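Q: Take a look at the following structure, please.
The values are calculated or read from the model by the stated rules, or taken from the named source; none is laboratory data. Please read these numbers as outputs of a predicted model, since none were measured by experiment. Every residue, glycine among them, receives a Cβ derived from its backbone with ideal geometry; neighbour counts consider all protein chains shown. Quick note on the areas: whole protein, heavy atoms, side chains included, nothing else; ligands and nucleic acids left out. Shrake-Rupley method; radii C 1.70, N 1.55, O 1.52, S 1.80 Å.
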Amino acid sequence: QVRFVESGGGLVQPGGSLRLSCAASGVMFSQYTMGWYRQAPGKQRELVASLSSRGNLAYADSVKGRFTITRDNAKNTVYLQMNNLKFDDTAVYYCNGRTGNMGYWGQGTQVTVSS
């Protein structure tokens with residue numbers, strides 16, 4: 001059974017930090033391109049960051065310099081370190097894993113930036 005399970009969301013003040021985790025099972029994790037997406041209320045889901053199996057990185061312009069995506073293939077886990085969080089970062093964050101024509105989503109984790 002394929003599962004992608006996110007954790008680490010929560011409520012944080014502006015300027016604060018959170019680290020999201022996504023644990024995968026039932027897949028050859030090391031072969032997957034892993035990504036973090038987010039969806040704010042009334043907006044489309046957007047790519048935040050991605051990290052390919054070969055180490056190729058991509059970030060949305062809005063998070064460059066503040067967010068860092070990493071992966072631990074031994075633990076089948078991808079992380080998103082989020083620093084200097086802003087109000088506009090409030091969204092449900094989703095983990096995505098894809099390889100070839102196959103792709104999977106996690107259930108999402110809420111991140112709320114509020115004072």
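Q: Determine whether Tyr32 is in contact with a Ser or Thr (Cβ under 6 Å, 6 or more places away or on another chain), over 15 Å from Arg19 (Cβ atoms) and at pLDDT 95 or above. Break it down into steps so the answer makes sense when it comes.
A: Numbers: in contact with a Ser or Thr (Cβ under 6 Å, 6 or more places away or on another chain): yes; over 15 Å from Arg19 (Cβ atoms): yes; at pLDDT 95 or above: yes.
Judged against the criteria, Tyr32 is a match.
Q: Mind checking whether some residue in region 63-70 is part of a loop (DSSP other than H, G, I, E, B), in contact with a Phe, Trp or Tyr (Cβ under 6 Å, 6 or more places away or on another chain) and either open to solvent by less than 50 Å² (accessible area, probe 1.4 Å) or on the phi > 0 side of the Ramachandran plot (or both)? Step through it out loud before you land on a result.
A: The first filter runs over region 63-70 and keeps only residues part of a loop (DSSP other than H, G, I, E, B), leaving 64-66.
Still in the list and also in contact with a Phe, Trp or Tyr (Cβ under 6 Å, 6 or more places away or on another chain): none.
No.
Q: For region 32-52, does any single residue satisfy the condition of being open to solvent by 20 Å² or more (accessible area, probe 1.4 Å) and closer than 19 Å to Gln1 by Cα?
A: Yes.
Q: Could you count how many residues in region 84-103 are out of contact with any Pro (no Cβ under 7 Å at 6 or more places or on another chain) and open to solvent by 60 Å² or more (accessible area, probe 1.4 Å)? So that I can check it myself, show each step before the final result.
A: Taking region 84-103 as the starting set, the residues that turn out to be out of contact with any Pro (no Cβ under 7 Å at 6 or more places or on another chain) are 84, 88-103.
After this cut, where a residue has to be open to solvent by 60 Å² or more (accessible area, probe 1.4 Å) as well, the list is 84, 88, 98, 100-102.
Going through region 84-103 one residue at a time, the tally reaches 6.
Q: I'd like the full set of residues that are at pLDDT 95 or above and assigned to a loop (DSSP other than H, G, I, E, B), limited to region 78-102.
A: Asn83, Asn84, Leu85, Lys86, Thr90
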